[in-house]
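The values are calculated or read from the model by the stated rules, or taken from the named source; none is laboratory data. Here the structure is a predicted model, which is why all the values come from computation and not from measurement. Cβ sites come from the backbone with ideal geometry, for glycine too, and all protein chains shown count toward neighbours.
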């Protein structure tokens, strides 16, 4: 495949390859080549997205067929069972659990988004306030997101906090390097304000490949120094 | 089934909400299972594929962005890709990307086609502008996940003819939708 150029044949060839990929006529090897390019070429990825959305009206052709109940049971087993079998997780067992690694979605712990002026209208308030807060709750979820919008800087900060539960809980952030015991990096502020100041002794230990995990703990953090509640999110750090 | 509901469920799934995942499965699995059955043509394989698909949905829910795609088509694309990967592994197809593409014919203005623009849902109108058998080949390629060779066999034309049909049809569709 060649890089897209603003004019001529290569561009049309790219359009065709993007269309062939979405139609599904390509070989396995060719599909992997297209996917590798999708990851690095935004213009090409936009072509694929566009074919995807153009051709998706053919999806109406597919019949609805209810799958047998065993399929969902198998999916849940694959995603959740290992975690469930360890209600009071021994740290080793949980960290080493393949299902937890495979199954948990990678959650970014604090996303900072710069908001365009048009989106500022989402937060309807008198123009006097400079900082606004919204709580984003999902039913049955162990965490809420607290979104803070700073009108002056145009920045929206989204921080997870433990969802309101019978008892107040905290979210605690852990750092795991390889098979070493998890190190507590601190408790996420309940208010969604502020960030975690990583103790200087631990700063050098956060590198690409380090794993960050979040567990639900009693208010104020784990009483034992290791995670006692369920791990609700975990992900590996990579260069950004 | 409303797309906004599916998008909302996906948002909750991306936060690890298992209830939302179960509800998403309840609402969307008949469609995705239908896709697997149609492409794989085998119930056992379709069930296995459906497992893989929902494991991926659980893992990738956070990558769904509402501006980009309709939620149901995003899910359908994951399902089609999984099913097509399986069938290509089972019945290998010839590689074509590295060979020369014969794209002669409708001489689209290259400057014009160089801009990736959004357009409305006009694929159906544009499909009608294609010759009937070519439109049928495009549709069957998508819906059944057929390879070039299988399409050539089904339409009783040489392989190269089928490649030319589909590639020119893709360019005509693109050109039509940008009009």
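General observations
- Qualifying residue in region A:213-229 (condition: at pLDDT below 75 and within 14 Å of chain B (Cβ to nearest Cβ)): yes
Residues are listed down the side, and each one gets a yes or a no for (1) at pLDDT 95 or above; (2) facing chain A (nearest Cβ under 7 Å):
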{"position": "B:32", "(1), (2)": "yes, no"}
{"position": "B:36", "(1), (2)": "yes, no"}
{"position": "B:39", "(1), (2)": "yes, no"}
{"position": "B:46", "(1), (2)": "yes, no"}
{"position": "B:50", "(1), (2)": "yes, yes"}
{"position": "B:68", "(1), (2)": "no, yes"}
{"position": "B:71", "(1), (2)": "no, no"}
{"position": "B:76", "(1), (2)": "yes, yes"}
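- The listed residue being at pLDDT 90 or above, facing another protein chain (nearest Cβ under 10 Å) and either within 28 Å of the chain's Cα centre (by Cα) or under 27 Å from residue A:217 (Cβ atoms) (or both), out of A:71, A:61: A:71
- Residue in region B:27-43 that is more than 24 Å from residue B:141 (Cα to Cα) and part of a helix (DSSP H, G or I) present: yes
- Filtered residues of region A:11-34 (kept if surrounded by fewer than 18 Cβ atoms within 10 Å (Cβ to Cβ) and more than 9 Å from every other protein chain (Cβ to nearest Cβ)): A:32
Okay, residues lined up against (1) more than 17 Å from residue B:171 (Cβ to Cβ); (2) modelled with pLDDT under 90; (3) out of contact with any helix residue (DSSP H, G or I) (no Cβ under 7 Å at 6 or more places or on another chain); (4) not in a loop (DSSP other than H, G, I, E, B):
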| residue | (1), (2), (3), (4) |
| --- | --- |
| A:4 | no, yes, no, no |
| A:11 | no, yes, no, yes |
| A:21 | no, no, no, yes |
| A:44 | no, no, no, yes |
| A:47 | no, no, no, yes |
| A:57 | yes, no, no, yes |
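- Residue check, residue A:100 modelled with pLDDT under 50 and away from chain B (no Cβ under 11 Å): yes
- Odd one out for residue A:85 among (1) over 30 Å from residue B:125 (Cβ atoms); (2) at pLDDT 90 or above: (2)
- When B:137, B:152 are checked against the criterion of being closer than 21 Å to residue A:18 by Cβ and crowded, with 16+ Cβ neighbours inside 10 Å, a single residue qualifies: B:137.
- Region B:52-64, subset more than 7 Å from every other protein chain (Cβ to nearest Cβ) and assigned to a helix (DSSP H, G or I), residue modelled with the lowest pLDDT: B:63
- Filter pass, residue A:184 being modelled with pLDDT of 75 or more and over 27 Å from residue B:20 (Cβ atoms): yes
- Among residues of region B:136-164, those that are assigned to a helix (DSSP H, G or I), closer than 27 Å to residue B:32 by Cβ and within 11 Å of chain A (Cβ to nearest Cβ), counted: 12
- Just one of (1) touching a residue at least 24 places away in the same chain (Cβ under 8 Å); (2) surrounded by fewer than 19 Cβ atoms within 10 Å (Cβ to Cβ) fails for residue B:171. It is (2).
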